[in-house]
2 protein chains.
Amino acid sequence: MDYFNREVINNYAPDKSAKENKIVEGFDELFDKLDLKDGMSISFHHHLRNGDYVLNQVMEEIHKRGIKDITLVASSLFPINSPLIPMIEDGTITNIITSYMSGDVARAISKGALKGKVVMQSHGGRARAIMSGDVKIDIAFIASPACDKRGNISATEGNAFCGVLGYAYADSIMAAKVVAVTDTLLEYESKTEIPSERVDYIIKVDSIGDPNGIISGTTRITKDPVGLRIAQKAVEVMVATGLVKNGLCYQSGAGGASLAVTKFLADYMKEHNIVGEFASGGVTGDLVNMMKYGLFNRIYDVQCFDLVSAENIKDDKRHISMSAEKYASPNKDAIVNSLDFVILGATEIDTDFNVNVISGHDGIIMGGSGGHQDTAFGAKVSIIVSKLFQSRIPTIVDRVGVITTPGSTVDILVTERGVAVNCRRSDLKEALDKAGVSYMSIEELKKIQDSFIGEAKVKDNSDRRVIGYSEYRDGTIIDNIYEVK
Amino acid sequence: MDYFNREVINNYAPDKSAKENKIVEGFDELFDKLDLKDGMSISFHHHLRNGDYVLNQVMEEIHKRGIKDITLVASSLFPINSPLIPMIEDGTITNIITSYMSGDVARAISKGALKGKVVMQSHGGRARAIMSGDVKIDIAFIASPACDKRGNISATEGNAFCGVLGYAYADSIMAAKVVAVTDTLLEYESKTEIPSERVDYIIKVDSIGDPNGIISGTTRITKDPVGLRIAQKAVEVMVATGLVKNGLCYQSGAGGASLAVTKFLADYMKEHNIVGEFASGGVTGDLVNMMKYGLFNRIYDVQCFDLVSAENIKDDKRHISMSAEKYASPNKDAIVNSLDFVILGATEIDTDFNVNVISGHDGIIMGGSGGHQDTAFGAKVSIIVSKLFQSRIPTIVDRVGVITTPGSTVDILVTERGVAVNCRRSDLKEALDKAGVSYMSIEELKKIQDSFIGEAKVKDNSDRRVIGYSEYRDGTIIDNIYEVK
């Protein structure tokens, strides 16, 4: 179109009585309106975590309709999503793009059930890929705790309120069509998370999920004494860097040991009257309580990890909802870039500090980056907390099963038998020396590990089928994911 | 890119110390980073109205740099923007896309100064055009009352706080690059209007504008007794339709007579204990006071028309900020579609009810649709309030100078000498009959007008140069705009 040379249409008479109603009655009407067909990309978010009913319900309706060759763009998949397995096996779902995957569906994919590929992204990488158009979404189905008649989606009202919808935000902007799936229709909006102009259709279902399922998976603090010892050591290391001071910006992952670090850090901050600037991430009630106690000025929240957090964000202005883009996208100066520390887990780490959180030692997918890549890049100091070995399975290996987070962004490994510092970070070594905190090279730490359990063999992947990829947050493919026989 | 068949990059090592700082020092650095060049499309918003310093300042810097052939996508232009005239004359600015234009710059364009074309859109049409990609923006410069170091833009902090940035929202999403121009750098965000992930660069200037300029142009209530009589008549007509009742959704334009309607409506609502659901639009302190008094449950605000309104939106949850898309875009079920009434002005209206608010009787541009097209379409009843003639210049004509709002969306004309109802709206005629409110056809009303001032000649445009277009909100070109010699 030559925008500045166009023809006048004379006597143009728009019909002002022709107004849209977004609310549709049932999936048949919805799918007709959406012109749902084979080969489409369909997206979902995981804010209801293992309590989400929407992904299964929509996919079952798609399955019933006989649609094939769907690319499933789900921000995460949980054990509750095992009903997808037959849909993967019969070609309803061909490809999957996600940031985390656990349970039977992850196992089935590792065993080769998917006809296409699985791409594992980080949370920030997912936002980047969607916003840039690398990943195109035909229809985004947004599990909406509440929604008004115009399509203003709220995460703080309704039975399954989850507080925030940070992972659905990019989808709501970029998907060709957006559907709000809700069990709670409001007359008027209340604390809108996704505004009505992004929403094409609204469908009411009996229930979008079980709010108790929000607490699930990896979001419980460890009670294991070894885990607690590691967490205490990690705080000692943090203090040694000199960065635990007023203005601290902090995030921990959702693993049990990472959450324990937060607890011990809180004790230290209280004792030394330290006020941090913000804590970020998926947010637990513990973090909310730290803010209420005055240990942090504010919380940046992309996803509530429990109902205490989801309740708090309703009215507490210091508790700020953020999109995955704002949180972690590599495109712009995201919140992760302001972090002093991030505390993360690892199933494997190699001597180049590359971390695997996608697959277990057996190669079966049981997790994913989530914000791992993003925060490791962004934080001044990224710290991995992990047992050195467990049930004779080593943590430090020569080559991780799937590189999730590149070693150039991982700084310190804290285990129960010692601390290793990435040789790229001589500044951190100096700080630890000064503080009298002992550390060693990761090779030395591996020797200690191997002295207990023997050296593991490097797996030969040469004849294994590639079932997917580990994608870095900037879109680079950094590793293959292989089928496990 | 075949997304599901890609190569692994081995030993990928992102440099975590390479982090962006969005704050640039001065326009030279900014323009270098933006790779500013000839032919680009540059956008601005008008929330600071006739008090805005940003548009002129940025364009003067662009002018200094010798850049040519800019398409200026400004949501509105005001008398303060007259420094653009030499830039139009020397080819710095070639084309202009806007929703409102007044003052010397509008006059110069009418006289043929622009080498390219001017396209006049509605507020909702502008949002649609940007979101759809019909209008592409290379760089959006967003006058930001305050901005934190990451680029979270606030409209409620800073010296020139304007409350809302509804017109800049689409630009912030779709522009290739977004620059926050601010005089107030915050350490941390406060009531973010445009989130940091949309902002590429931040530049600090001495002052973004004069907050007193926000009250300007057409936003003062009339004191003229004839205008007040028209306003009272309009309320009588509204009541006759039966729609002035609990749940009322209401908007008035920013013209003096329209604002007077709001005042008399408030009196009626008080007297009859009516509680409306919402008032929307550009929002004045009067509207805020009506909400505080309990006459409306909430306000939807795309732009604050005075500082009382801008102050109120800081903390009043019932006062809801909205983007131009949410307000008025034709794509989705916008707020305008819920309106019962809109009260609007007209410089001319023809016997098909087509309205001109772009040009005066002399053909010189002196306004624009703003939300005129959008609300006339959306409201159940759209009412034009206008004097029948002024200084012997007729309001009702055979053919308006520039069709801004198609007659099929305009329902009632209220003048000091009578009311005309669009023949398409037999339902409204019935209601008025029932209520005993007299009305006539627009042809009859024109006869009354002509009996005072004589019949105007229809202008012959056949040999006049087309300098631009009136675009309908859905993108259709509905009229030419001609040069005035």
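Here, each number is a calculation from the coordinates, and none is a lab measurement. Predicted model only: the values in this text are computed from it and were never measured. Neighbour counts are summed over all protein chains in view; Cβ atoms, including those assigned to glycine, are modelled from backbone coordinates with ideal geometry.
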_With the crude spin-label approximation of a point 7 Å out along Cα→Cβ, what separation in nm comes out for A:ASP398 versus B:LYS115?_
6.8 nm
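Need the full-extension length gain, B:GLU430 to B:ILE453, defined as separation in residues times 0.36 nm minus the C-alpha distance. One decimal, nm.
Working: separation 23, 0.36 × 23 = 8.28 nm, distance 3.15 nm.
Stretched out fully, the B:GLU430 to B:ILE453 stretch lengthens by 5.1 nm.
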_Which one, B:HIS272, B:SER323, B:THR262, projects farthest toward the positive side of the charge dipole computed for chain B from Cβ point charges (K/R +1, D/E -1)?_
B:HIS272
*Measure nothing fancy, just the Cα-based angle from helix A:442-453's long axis to the longest principal axis of chain A, in degrees from 0 to 90, nearest 10.*
80 degrees
*Translational diffusion of the range A:30-115, µm² s⁻¹ [Kirkwood Rh, Cα pairs; Stokes-Einstein; 37 °C; 0.692 mPa s]*: 257 µm²/s
*What residues qualify as long-range amide H neighbours of B:GLY468, i.e. H under 5 Å apart, gap of 5 or more or another chain, H built at 1.01 Å from N?*
B:VAL118, B:ILE481
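Can you show me the helix-derived [θ] at 222 nm for chain A, built from DSSP H runs with n ≥ 4 at -39,500 (n - 2.57) apiece and divided by the number of residues, rounded to the nearest 500. If you can, show how the numbers build up before the last one.
Details: 14 runs with 129 residues, N = 485.
The helix contribution divided over chain A gives -7500 deg cm²/dmol.
Among the GluC sites (Glu not before Pro) in the range A:182-257, which ones are in a DSSP loop with at most 11 other Cβ atoms within 10 Å of the Cβ? Mind listing them?
Values: sites: A:GLU187, A:GLU189, A:GLU193, A:GLU197, A:GLU236; in loops: A:GLU187, A:GLU189.
Here the GluC sites (Glu not before Pro) that fit, given the DSSP loop and packing criteria, are A:GLU187.
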*List every residue whose amide H lies under 5 Å from the amide H of A:VAL397, counting only residues 5 or more places away in sequence or on a different chain, with H placed 1.01 Å from N in the peptide plane.*
A:ILE349, A:ASP350, A:THR351
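Of the listed pairs A:LYS136/B:LYS19; A:LYS191/B:LYS326; B:LYS33/B:LYS177; B:LYS149/B:LYS204; B:LYS387/B:LYS459; A:LYS37/A:LYS149, which have alpha-carbon separations greater than 19 Å here?
A:LYS136/B:LYS19; B:LYS387/B:LYS459; A:LYS37/A:LYS149, as the Cα separations exceed 19 Å there.
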*Could you pull the Cα extents of the protein assembly as shown along its three principal axes, largest to smallest, in whole Å?*
108, 61, 51
*Long-range amide H partners of A:ASP340 with built H, under 5 Å*: A:CYS249, A:TYR250, A:LYS380
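Once you charge only the Cβ atoms, +1 for Lys and Arg and -1 for Asp and Glu, what is the size of the charge dipole of chain B about its Cα centre, to the nearest 20 debye? Don't jump to the answer; show the numbers that get you there.
Details: 54 positive and 65 negative charges, 179 e Å.
It works out to roughly 860 debye.
Counting only other chains, what is the mean number of Cβ atoms within 10 angstrom of the Cβ of each residue in peptide A:12-24? Don't skip to the end; give the middle numbers.
On the way: counts 11, 8, 13, 4, 14, 5, 1, 8, 6, 2, 2, 1, 0.
What the average comes to for A:12-24 is 6.
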*Extending each Cα 7 Å along its Cβ direction at B:ALA176 and A:LYS223, get the distance between those two points in nm, one decimal.*
5.9 nm
*How many nm separate the modelled label positions at A:ASP463 and A:ASP69, each set 7 Å beyond the Cα in the direction of the Cβ?*
3.3 nm
*What's the extension gain from B:SER438 to B:PHE4 if we count 0.36 nm per residue and subtract their Cα-Cα distance?*
149.3 nm
*Could you state the angle between the C-alpha long axis of helix B:225-241 and the longest principal axis of the C-alpha atoms of chain B, as a value from 0 to 90 degrees rounded to the nearest 10?*
90 degrees
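Taking the Cα centre of the range B:386-485 as origin, work out the dipole magnitude from +1 charges on Lys and Arg Cβ and -1 charges on Asp and Glu Cβ, in debye rounded to 20. Don't skip to the answer; put the middle values down first.
Details: 16 positive and 16 negative charges, 55 e Å.
Here the range B:386-485 has a charge dipole of around 260 debye.
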*Surrounding net charge for A:VAL484, when Lys and Arg each add one and Asp and Glu each subtract one, Cβ distance under 11 Å*: +4
*Starting from the Cα-Cα distance between A:ASN297 and A:ASP38, subtract it from 0.36 nm times their residue separation and give me the gain in nm to one decimal.*
88.3 nm
*asked:* Checking the a/c ratio against 1.5 first, then a/b against b/c, what shape does the Cα gyration tensor give for the range B:248-287?
replied: oblate
*Where along chain A is the Cβ that lies nearest the axis linking it to chain B, and how many Å separate them?*
A:ILE173, 3
*Express the C-alpha Rg of the range A:236-319 as a ratio against the empirical globular expectation 2.2 N^0.38 Å, rounded to two decimals.*
1.02
*Put a label point 7 Å from Cα along the Cβ direction on A:GLY436, then list its distances to the equivalent points in the other copies in nm, shortest first.*
9.8
*If you plug each phi of the range A:24-37 into the Karplus form 6.51 cos²θ - 1.76 cosθ + 1.60 with θ = phi - 60°, what whole-Hz ³J(HN,Hα) values come out, in order, with x for Gly and Pro?*
10, 9, x, 6, 4, 4, 4, 5, 4, 4, 7, 6, 4, 8
*Would you list which aspartates and glutamates come within 15 Å of B:LYS434, measuring only between C-alpha atoms, while excluding same-chain residues fewer than 8 positions from it?*
B:GLU236
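Please give me, ordered by residue number, the trypsin sites (Lys or Arg not before Pro) of the range A:266-320 that lie in loop per DSSP and have at most 10 other Cβ atoms within 10 Å. If you can, show how the numbers build up before the last one.
On the way: sites: A:LYS270, A:LYS292, A:ARG298, A:LYS314, A:LYS317, A:ARG318; in loops: A:LYS314, A:LYS317, A:ARG318.
Within the range A:266-320, the qualifying trypsin sites (Lys or Arg not before Pro) (loop, at most 10 other Cβ atoms within 10 Å) are A:LYS317.
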*Normalised by the number of residues in the range B:235-383, what is the relative contact order in percent for Cα pairs under 8 Å and 6+ residues apart?*
21 percent
